Structure formats: C-alpha cells, structure tokens
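Asks: So that we are looking at the same thing, I have put the structure below in structure tokens.
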Amino acid sequence: MKRLLILTALVAGSAVCASAADGRSPEWQDLSLLVAPDRPSTWPAVGWPLFQINPYLRIGPRSAYNSEILTIDLNTGTQLDVPPHSVPPPDSGLPNAGPLGLMYSDKAPAWQFGGEACVIDIRELRDGPNGRSSLIQKEHIQAWEQKHRPLRFGDVVLFYSGYSDKYYLPLPAGRRFVSDPVEGKAPGWPDPAPETMEYLATRNVMTLGTDSPSMGPIPDMAEPTHLAGLKHGMIWTEGATNLGSLPATGAFYCMLAPKHRGGVANEARAFAIVGQPLAQQLSDSARAKRVVDLSVTMADDLPVWWPGAGAGRHRQPYITINFMKNPVNGAYQQTHTMDSHTGTHLVPPSYALPAAGFDNQRYPAEVQPWLAAFEKQFGPRGASDVTAEKVPLSQTSGWARVIPVEHRAGTTSPKDWPRSPEITVEDVQKYEAEHGALKPGEIVIFRSGYSDRYFKPFPEGNACLLDPLNGKSEGWPAPGPKAIRYLAGKGIRCVATDGPTLGGSDPRQALMTYWMLGTKGMVAVEYLTNLDKLPARAYFVFAALKIRNSHGGPGRALAFY
C-alpha cells in the first residue's frame, strides 16, 4: 500500500538530490498481519462472525475476471481503533459521552493516520502470567524519552514486544495469539496502563500502535485503557507486526483503512518508510496536517459496488451487518460483506490475467474474439498469479502526476453507449509537454471530476454506475490499452483514477485495458475522489488490505504535501 510531502518544486528537487547524494533508497516495511481463514484474524468472542473469502468469480466460461466475496468485520487482523470505540455520541445519555463519539473511522482526520515512528521496545514484558497482560507504565515511556528525545505532537508511539511476530501463526498453533490467553491458558500480551495513556496525552501524542492483538490489557483493564486514550481523540493500530524492522526514531509510519461510514473500528493496513529524506518529509507533512483524503466513503446507500448491465450481471453488493450491541458506546459491532473491488480499491495483475497455462477457449464466447483482436494488435496477453497481498507497497505510492481529462467528458455519441470517452496517448503527451516528462515510479492519476459529480446516495447515485452501464448516459473517462502501454514505456507502475474503474463502461474496451495493465505488470487504484484538493505537487500513498489470494483489495488513499 502504501509517502511524501512537497512544498515547492525546488524542495522536491533538493529531496531527489539528497537521496542520490547519500546513495540510500527508501525502504517500505510491511507491518500488517496476513488475513486468511487459517489465521487467528478474527476476535474469538462467542458469536463473532468469522472472516470468509469466497472465490465466486474466476476466469473461465462465466467470467473474464477473478474476484471474491469478502466477509470481514472491523476488528480483523491489523486494525484501527477510533474514539467512538469507547466514547459514546453526545446525545446518547451514556457515561463518558461527548463530541469525540462522532469521530468514526471515516471522520478521523487524514493527518492522524501518519507520523514519525517512535518505537518503544518492551520485549521484556511480552510473556507474563497466564491470562494476564503485563502493563506498560509511564516509566517505560519516560526511560525511552531520556534515551532518545521527548515525545511531541505528530509522533506515532509504537509498542514493540514481538508478540505478533512470535504468536501470529496458522491455526491451531495460532490459538496462542488470542484464544489461549483469553481462556487463561497462556500469558497475555503487554499493553499500556490507563495512566500511561494519560501521560502520552500530556505529550500531545495522538496516534499509537501495538503489535499486541488489542490495545487493551486482559483480563479486566481493556476498557479503562481504551477510554483513557480515546477520550483524548487518539487513534491507534492494533495487531501490527514486524516493528523490530524500524529504528527507534526517524521512520515514517502510516496506517490506512477502508473508509467505512460510521465505523468504531476498522480493518487496516500498516506500513513504514525507512530512509531519508523521504521519511522525514512525510512525517513533517503529517505533523503540519498537510494531508488530503482521496477515498470514497463506503456505505450501503452509496454506489460503491458494481451493479452490472441489465439483470443478473451484478457483483456482490456492499452490505453492513450489525451484531453485538456494545453497552459501552451504544453502537453495534459491524461486519461487511462485499466484492473485493469495492470503494477505493486495488487492481492487481491477476484480476484480468489468468494463471500460466490457461486455455483461452475457456473464455466466454463473446470474449474470445476480443482476445484475438487484442493479441493481433498488441502481442500475447500475459499471465499472472500476483494477487493483492503480493503487490509491493512501494508500487502503489509515489509522486503524484495528476493528468486532467475533464475535457473528455461529453465526447461520445448516445448511439454508441455504453461507452466511456477514451483517454489517449495524446492526452498524456500534452500533459508532459506542459508539465514535464513522466518519470519511473511516479503515480499517474487521471482527474475527470467524475466521482465528485456522481458519487451520491441512491437513487440519485444510479447516475454513477448503473445508468452508464445500461447505456442511459455516457460513461466516465477511461484510458485505452494504447495509453496504458505508453505509460508502461515511461516506467509508470501504478495508474489511478477518480472514475469507478480504470476500464470504463464499455466491456470490450475495459477488458483490453486491464489485459494491457496486467501484461505490463502494472496495477491500478480505482475510485478516488477530491483530486481537486491536491496542490501542484504531492506524494500519493495507497495500501490495500493484506488478504491472502484476493484479486482486489479495498484500501485507503491519501496524499501528503
């Protein structure tokens, strides 16, 4: 998933020179647990829905694409907690209610998702008595400050015990991660005492992380510790891993979570960038609150899923399922069922590319002549097994090159619908002539303004996807395979769009675009928004959920400037 701010072109140039001078390239460290049915990804309370991945679409006679139905709750794998997890809404009448009870995961400030990692080593606390957590006291924090520096606003405090590194294992051995400690059969994980949270609040620390499965000490201090931090507006990562790969200070830490509306917690992806000057610039950007959220909100009444054309061609709708009302905050826990290409999401190469050895005669009958035409013009279509969790985090982040394509809207004829206006090689070259040549590793983002105009609640939201797919209106601007091939030749590895998809509304053109994308080893980030909020120079970050064998991945996109 998945780094930088930019103040001016001069600063950007200085940063590049500095990187070249010290000979160091930034390194991305994945700090996320792998989510899979055979891992202890789900909280083990009785009645808690289990994580499921259903491969309901596979390339073959019924489909030209691979996709899954995901059933995933907000507390799965590496996850985010926000204030409403423990702070009730102001009008609830519950104890500790207040305005922060409305700071759901889709409302948390974008700047709070990143900052300078301050890694506090508490490995000596990892294995305590059975069924109990060893407590991280404020003295542990103060000792770290004496050795390194005082904590301050914009820091992300990460508690490194090595717990997930050691105990997040395939089941049944993975029961040692959560289930056995909860049952009192194994030592609990180390976590902060409430007084430690209060001390961090005096340091204006607003973002934390732990490699324990929860920020709550067991058996009976989880809620006091949660409330002690969340009442100050803190957010934090639970279930991080690989924190030992980071230096004590200086790395940039980021946590990205799909933008579920009204979430009191959130499944998430955590990573860090090590190496200067990039890490410091990103940390400075977050500290100065120079961050833009580019992700669409996910909700049942919004057009975040693919409705298809006509009848019986839709994919799994996005559905929120409430369960287990929490007496602390008055809110239900939530799980969601969705297609893996829901909301702002990743398109890996294997979305449209089959595995090696695939018999092309197994394609649907209408697709086979499309493939023949593609290969006649562009050469052999590739093959891939690169699913979302295999896409390097560094591939979906980089300097943003926002190419305006608003002029393409309204250029198709109604008699040709369903059809999207095609973004051409000439559009890209015109941008380069005005703004400079594209460089390898940059993120090309096509800005059409489409999601800003049409992403609205139903029934008005039908104008976003349903109407263009059924030929009632023009589709969103989308690049053809020639434009993708041109970008690949420039060293571009990731293309993004504020349209619902990169392929557009015409099924033939869309499939050819995805074939080219995958054949060139490129990925896409689809369904961005707010691109008009970006300054002329910004650094784009995106990371999808780390789900094994998923051919798409919901995620979050931010830009640092």
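Asks: From (1) under 24 Å from the mean Cα position of the chain (by Cα); (2) at pLDDT below 95; (3) among the small types (Gly, Ala, Ser), pick out the condition that doesn't hold for GLY330.
Replies: (1)
Asks: When region 20-39 is examined, which residues are found to be at pLDDT 95 or above and either part of a loop (DSSP other than H, G, I, E, B) or buried (at least 18 other Cβ atoms within 10 Å of the Cβ) (or both)?
Replies: Looking only at region 20-39, we keep the residues that are at pLDDT 95 or above, and these are 27-39.
Selection gives TRP28, GLN29, ASP30, LEU31, SER32, LEU33, LEU34, VAL35, ALA36, PRO37, ASP38, ARG39.
Asks: So, one more: One residue is enough: does region 270-292 have a residue meeting the conditions at pLDDT 95 or above, part of a loop (DSSP other than H, G, I, E, B), among the hydroxyl-bearing types (Ser, Thr, Tyr) and closer than 25 Å to GLY115 by Cα?
Replies: no
Asks: Would region 101-111 turn up any residue that is touching a helix residue (DSSP H, G or I) at 6+ places or on another chain (Cβ under 6 Å), surrounded by fewer than 23 Cβ atoms within 10 Å (Cβ to Cβ), assigned to a loop (DSSP other than H, G, I, E, B) and assigned by TED's automatic domain parsing to the domain that holds LYS166? Don't jump to the end; show me each part of the working.
Replies: To start, the set of residues in region 101-111 that are touching a helix residue (DSSP H, G or I) at 6+ places or on another chain (Cβ under 6 Å) comprises 101, 103-104, 111.
Narrowing further to those that are surrounded by fewer than 23 Cβ atoms within 10 Å (Cβ to Cβ): 103-104, 111.
Then keep just the ones that are assigned to a loop (DSSP other than H, G, I, E, B); that gives 103-104.
Add one more test, that the residue is assigned by TED's automatic domain parsing to the domain that holds LYS166, and what stays is 103-104.
Yes, region 101-111 contains at least one residue that is touching a helix residue (DSSP H, G or I) at 6+ places or on another chain (Cβ under 6 Å), surrounded by fewer than 23 Cβ atoms within 10 Å (Cβ to Cβ), assigned to a loop (DSSP other than H, G, I, E, B) and assigned by TED's automatic domain parsing to the domain that holds LYS166.
Asks: Of the residues ALA510, ALA524, ALA488, ALA478, which single one is surrounded by fewer than 21 Cβ atoms within 10 Å (Cβ to Cβ) and among the aliphatic types (A, V, I, L, M)?
Replies: Values: ALA510 fails: surrounded by fewer than 21 Cβ atoms within 10 Å (Cβ to Cβ); ALA524 fails: surrounded by fewer than 21 Cβ atoms within 10 Å (Cβ to Cβ); ALA478 fails: surrounded by fewer than 21 Cβ atoms within 10 Å (Cβ to Cβ).
None of the others qualify; the one that does is ALA488.
Asks: If HIS140 meets every condition in (1) in a helix (DSSP H, G or I); (2) within 19 Å of HIS260 (Cα to Cα); (3) touching a strand residue (DSSP E or B) at 6+ places or on another chain (Cβ under 7 Å) apart from one, which number is that one?
Replies: (2)
Asks: Still on this structure, please answer the following. Among the candidates GLN429, GLN395, which residue alone is surrounded by fewer than 18 Cβ atoms within 10 Å (Cβ to Cβ) and not charged (D, E, K, R)? Reasoning before the result, please.
Replies: Values: GLN395 fails: surrounded by fewer than 18 Cβ atoms within 10 Å (Cβ to Cβ).
Unique residue meeting the criteria: GLN429.
Asks: Moving on to the next point. Only one of LEU208, LEU227, LEU200 is of a type in the set (A, V, I, L, M, F, W, C), in contact with a strand residue (DSSP E or B) (Cβ under 8 Å, 6 or more places away or on another chain) and assigned to a helix (DSSP H, G or I). Can you tell me which?
Replies: Numbers: LEU208 fails: assigned to a helix (DSSP H, G or I); LEU227 fails: in contact with a strand residue (DSSP E or B) (Cβ under 8 Å, 6 or more places away or on another chain).
Just one listed residue meets the conditions, LEU200.
Asks: Continuing with this model, one more query. List every residue pair whose Cβ atoms sit under 8 Å apart, with the two residues 6 or more apart in sequence or on different chains, where the first one lies in region 132-153 and is more than 23 Å from TRP189 (Cα to Cα) and the second, anywhere, is of a type outside the set (Ser, Thr, Tyr) and in a strand (DSSP E or B).
Replies: Matching pairs, first to second residue: HIS148/CYS118; LEU151/CYS118; LEU151/VAL157.
Asks: Tell me which of these ILE59 doesn't satisfy, since it passes every other one: (1) modelled with pLDDT of 95 or more; (2) in contact with a strand residue (DSSP E or B) (Cβ under 7 Å, 6 or more places away or on another chain).
Replies: The failed condition is (2).
Asks: On the given criteria, is MET206 farther than 27 Å from PRO40 by Cβ and modelled with pLDDT of 95 or more?
Replies: Yes; evaluated as a whole, the condition is true for this residue.
Asks: Another question about this same structure. If MET197 meets every condition in (1) over 28 Å from PRO88 (Cβ atoms); (2) more than 24 Å from the chain's Cα centre (by Cα) apart from one, which number is that one?
Replies: (1)
Asks: Right, another one. Assigned to a strand (DSSP E or B) and within 19 Å of the chain's Cα centre (by Cα): which single residue out of THR241, THR237 fits that description? Show your work before the answer.
Replies: On the way: THR241 fails: assigned to a strand (DSSP E or B).
Among THR241, THR237, only THR237 is assigned to a strand (DSSP E or B) and within 19 Å of the chain's Cα centre (by Cα).
Asks: In addition: Is it fair to say PRO247 is on the phi < 0 side of the Ramachandran plot, surrounded by 24 or more Cβ atoms within 10 Å (Cβ to Cβ), part of a loop (DSSP other than H, G, I, E, B) and not assigned by TED's automatic domain parsing to the domain that holds GLY555? Lay out the reasoning, then the answer.
Replies: Numbers: on the phi < 0 side of the Ramachandran plot: yes; surrounded by 24 or more Cβ atoms within 10 Å (Cβ to Cβ): no; part of a loop (DSSP other than H, G, I, E, B): yes; not assigned by TED's automatic domain parsing to the domain that holds GLY555: yes.
So PRO247 fails the test.
The rows are residues; the columns are (1) within 32 Å of the chain's Cα centre (by Cα); (2) of a type in the set (Ser, Thr, Tyr); (3) on the phi > 0 side of the Ramachandran plot.
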{"site": "GLU375", "(1), (2), (3)": "no, no, no"}
{"site": "GLN395", "(1), (2), (3)": "yes, no, no"}
{"site": "PRO404", "(1), (2), (3)": "yes, no, no"}
{"site": "SER413", "(1), (2), (3)": "no, yes, no"}
{"site": "ASP427", "(1), (2), (3)": "yes, no, no"}
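Asks: Which ones in region 166-195 are assigned to a loop (DSSP other than H, G, I, E, B) and surrounded by fewer than 17 Cβ atoms within 10 Å (Cβ to Cβ)? Let's see the steps before the verdict.
Replies: The initial filter retains those residues of region 166-195 that are assigned to a loop (DSSP other than H, G, I, E, B), namely 168-172, 177-178, 183-186, 188-190, 193.
Answer for region 166-195, where residues must be assigned to a loop (DSSP other than H, G, I, E, B) and surrounded by fewer than 17 Cβ atoms within 10 Å (Cβ to Cβ): LEU169, PRO170, LEU171, PRO172, GLU183, GLY184, LYS185.
Asks: Let me ask another. Report every pair of residues separated by at least 6 positions or lying on different chains whose Cβ atoms are under 6 Å apart, first residue within region 21-40 and over 30 Å from GLU68 (Cα atoms), second at pLDDT 95 or above and among the hydrophobic types (A, V, I, L, M, F, W, C).
Replies: Correct list of pairs: PRO26/ILE273; PRO26/LEU278; GLU27/VAL274.
Asks: Also: In this structure, is LEU256 in contact with a Lys or Arg (Cβ under 8 Å, 6 or more places away or on another chain) and of a type outside the set (Phe, Trp, Tyr)? Full working, then the answer.
Replies: On the way: in contact with a Lys or Arg (Cβ under 8 Å, 6 or more places away or on another chain): yes; of a type outside the set (Phe, Trp, Tyr): yes.
Yes: the conditions hold for LEU256.
Residue-wise test of (1) over 26 Å from GLN29 (Cα atoms); (2) in contact with a Ser or Thr (Cβ under 9 Å, 6 or more places away or on another chain); (3) of a type outside the set (Lys, Arg).
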| residue | (1), (2), (3) |
| --- | --- |
| MET324 | yes, no, yes |
| GLN334 | yes, yes, yes |
| HIS345 | no, no, yes |
| GLN377 | yes, no, yes |
| GLY382 | yes, yes, yes |
| PRO392 | no, no, yes |
| GLY398 | no, no, yes |
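Asks: Quick one: in region 218-240, which of the residues that are of a type outside the set (A, V, I, L, M), crowded, with 23+ Cβ neighbours inside 10 Å and touching a Leu at 6+ places or on another chain (Cβ under 6 Å) is farthest from LEU393 (Cα to Cα)? Explain how you work it out, then say what you get.
Replies: We begin by selecting, within region 218-240, every residue of a type outside the set (A, V, I, L, M); these are 219-220, 223-226, 229, 231-233, 236-239.
Those left that are additionally crowded, with 23+ Cβ neighbours inside 10 Å: 225-226, 229, 236-239.
Narrowing further to those that are touching a Leu at 6+ places or on another chain (Cβ under 6 Å): 236, 239.
Details: TRP236: 20, GLY239: 18 Å.
Among those that are of a type outside the set (A, V, I, L, M), crowded, with 23+ Cβ neighbours inside 10 Å and touching a Leu at 6+ places or on another chain (Cβ under 6 Å), it is TRP236.
Asks: Would you say ARG287 is charged (D, E, K, R) and either under 29 Å from PHE446 (Cβ atoms) or crowded, with 22+ Cβ neighbours inside 10 Å (or both)?
Replies: Details: charged (D, E, K, R): yes; either under 29 Å from PHE446 (Cβ atoms) or crowded, with 22+ Cβ neighbours inside 10 Å (or both): no.
When the stated conditions are applied, ARG287 does not pass them.
The values are calculated or read from the model by the stated rules, or taken from the named source; none is laboratory data. Bear in mind that the values here come from a model prediction, so they are computed numbers and not experimental data. With ideal geometry, Cβ positions are generated from the backbone for all residues, glycine too; neighbour counts draw on all protein chains shown.
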